[in-house]
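The values are calculated or read from the model by the stated rules, or taken from the named source; none is laboratory data. What you see is a predicted model; the values in this text were computed from it and never measured. Ideal geometry is used to build each Cβ from the backbone, glycine not excepted, and the neighbour counts take in all protein chains shown.
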Amino acid sequence: MSAAARSYSLEFFPPRTAEGVEKLRAARRQLSQLKPAFCSVTFGAGGSTREGTLETVLEIRAEGVPAAPHISCIGSTRASLAEVLAQYRGHGIRHLVALRGDMPSGTFDAGEFRYANELVAFIREVSGDWFHVDVAAYPEMHPQAGSPQADLANFKRKVEAGANSAITQYFFNADAYLRFVDDCDAMGIRVPIVPGIMPIASASKLARFSDACGAEIPRWIRRRLEGYGDDVASIRAFGLDVVTDLCAKLVARGAPGLHFYTLNQASLTTTIWQRLGLS
């Protein structure tokens, strides 16, 4: 794939405080210089978070960058999701990241949707081809999937329901992604599968995120991070080397782009992007 055909993009989350809003604006000002293909904005089940998603998306678009809100279906009804889709369409939004959403613990009514493929099918039913729809992919298997084979079958259902492309959960083992792509190809899945990339800023945060989402931190990386203790500068320098090398390997092996989980921070993603010469 030519460099021009690849898609390099960013993810943000809606800030919950006025201070967070200003910090994100400052981060976006720096990151916009990289000229990302688009920015995605995560989505929560609560009304305030949902409004924050739209507000952030509209700000990003006003800054001249295409933006894609996340939309999740757990706990939603057909009527409530149709309303959200109509609202997004009314604002001229053409790109969505469609996810099942996290299952809350305890007794919970999942609503009218149980799986992301049902959400994708509903988006197509209500909105036709108006939206470009990204879905999630899991090179190291979704933590709630019964097996890698079952997880691949779930992914295929999302694509068959009408997904245009996919963004993966982050990972640090390039072979897991490359094998996943090969397995998809063998199953006739032909959509672009863009690796999700997590810069390493904090050993404890990375461990917490990874335990929650099922991403594996290779033992050699985990041990090195533990060895640095509270030496933040060494952790960041090591993390930059590890993640830059991972990205370079993925691009060299044909990945159709990279999607950076920025955590609303600019410096690490900017450094990796510049080291790779993406802009």
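Just name the residue that is farthest from TYR170 (Cα to Cα) out of those in region 213-242 that are in contact (Cβ under 8 Å) with a residue 60 or more places away in the chain and in a helix (DSSP H, G or I). Steps first, answer last, please.
Start the filter on region 213-242 by keeping residues that are in contact (Cβ under 8 Å) with a residue 60 or more places away in the chain, which leaves 213-216, 242.
Still in the running and in a helix (DSSP H, G or I): 213, 242.
On the way: CYS213: 9, VAL242: 13 Å.
Across region 213-242, the extreme among qualifying residues is VAL242.
Of the conditions (1) surrounded by fewer than 20 Cβ atoms within 10 Å (Cβ to Cβ); (2) at pLDDT below 95, ASP151 clears all except one; give me its number.
Failing condition for ASP151: (1).
Can you name every residue in region 182-201 that is farther than 16 Å from ARG253 by Cα and among the β-branched types (Val, Ile, Thr)?
Of everything in region 182-201, those that are farther than 16 Å from ARG253 by Cα and among the β-branched types (Val, Ile, Thr) turn out to be ILE189, VAL191, ILE200.
Examine region 175-188 for a residue that is within 16 Å of the chain's Cα centre (by Cα) and either closer than 21 Å to THR262 by Cβ or touching a residue at least 12 places away in the same chain (Cβ under 8 Å) (or both), and state whether such a residue exists.
So far as region 175-188 goes, yes, one or more of its residues are within 16 Å of the chain's Cα centre (by Cα) and either closer than 21 Å to THR262 by Cβ or touching a residue at least 12 places away in the same chain (Cβ under 8 Å) (or both).
Here is a yes/no grid of residues against (1) of a type outside the set (Lys, Arg); (2) part of a loop (DSSP other than H, G, I, E, B); (3) at pLDDT below 95; (4) out of contact with any Ser or Thr (no Cβ under 6 Å at 6 or more places or on another chain):
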{"site": "THR49", "(1), (2), (3), (4)": "yes, no, yes, yes"}
{"site": "GLY52", "(1), (2), (3), (4)": "yes, no, yes, yes"}
{"site": "ILE60", "(1), (2), (3), (4)": "yes, no, no, yes"}
{"site": "PRO69", "(1), (2), (3), (4)": "yes, no, no, no"}
{"site": "VAL84", "(1), (2), (3), (4)": "yes, no, yes, yes"}
{"site": "MET103", "(1), (2), (3), (4)": "yes, yes, yes, yes"}
{"site": "THR107", "(1), (2), (3), (4)": "yes, yes, yes, yes"}
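Quick check: anything in region 204-215 over 15 Å from TYR138 (Cβ atoms) and buried (at least 19 other Cβ atoms within 10 Å of the Cβ)?
Within region 204-215 (the criterion being over 15 Å from TYR138 (Cβ atoms) and buried (at least 19 other Cβ atoms within 10 Å of the Cβ)), the answer is yes, since at least one residue qualifies.
For region 134-147, which residues satisfy the criterion of being under 21 Å from PRO192 (Cβ atoms) and either without any contact (Cβ under 8 Å) to a residue 24 or more places away in the chain or part of a strand (DSSP E or B) (or both)? Before the answer, list the steps.
Just the residues of region 134-147 that are under 21 Å from PRO192 (Cβ atoms), to begin with: 134-142.
Selection gives ASP134, VAL135, ALA136, ALA137.
Here is a yes/no grid of residues against (1) more than 19 Å from GLY101 (Cα to Cα); (2) surrounded by fewer than 16 Cβ atoms within 10 Å (Cβ to Cβ):
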site	(1), (2)
GLY162	no, no
SER165	no, no
ASP175	yes, yes
CYS184	yes, no
ILE189	yes, no
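Quick check: is even one residue across region 158-170 in contact (Cβ under 8 Å) with a residue 40 or more places away in the chain, of a type in the set (Ser, Thr, Tyr), in a helix (DSSP H, G or I) and in contact with a Phe, Trp or Tyr (Cβ under 8 Å, 6 or more places away or on another chain)?
Looking for residues that are in contact (Cβ under 8 Å) with a residue 40 or more places away in the chain, of a type in the set (Ser, Thr, Tyr), in a helix (DSSP H, G or I) and in contact with a Phe, Trp or Tyr (Cβ under 8 Å, 6 or more places away or on another chain), one finds none in region 158-170, hence no.
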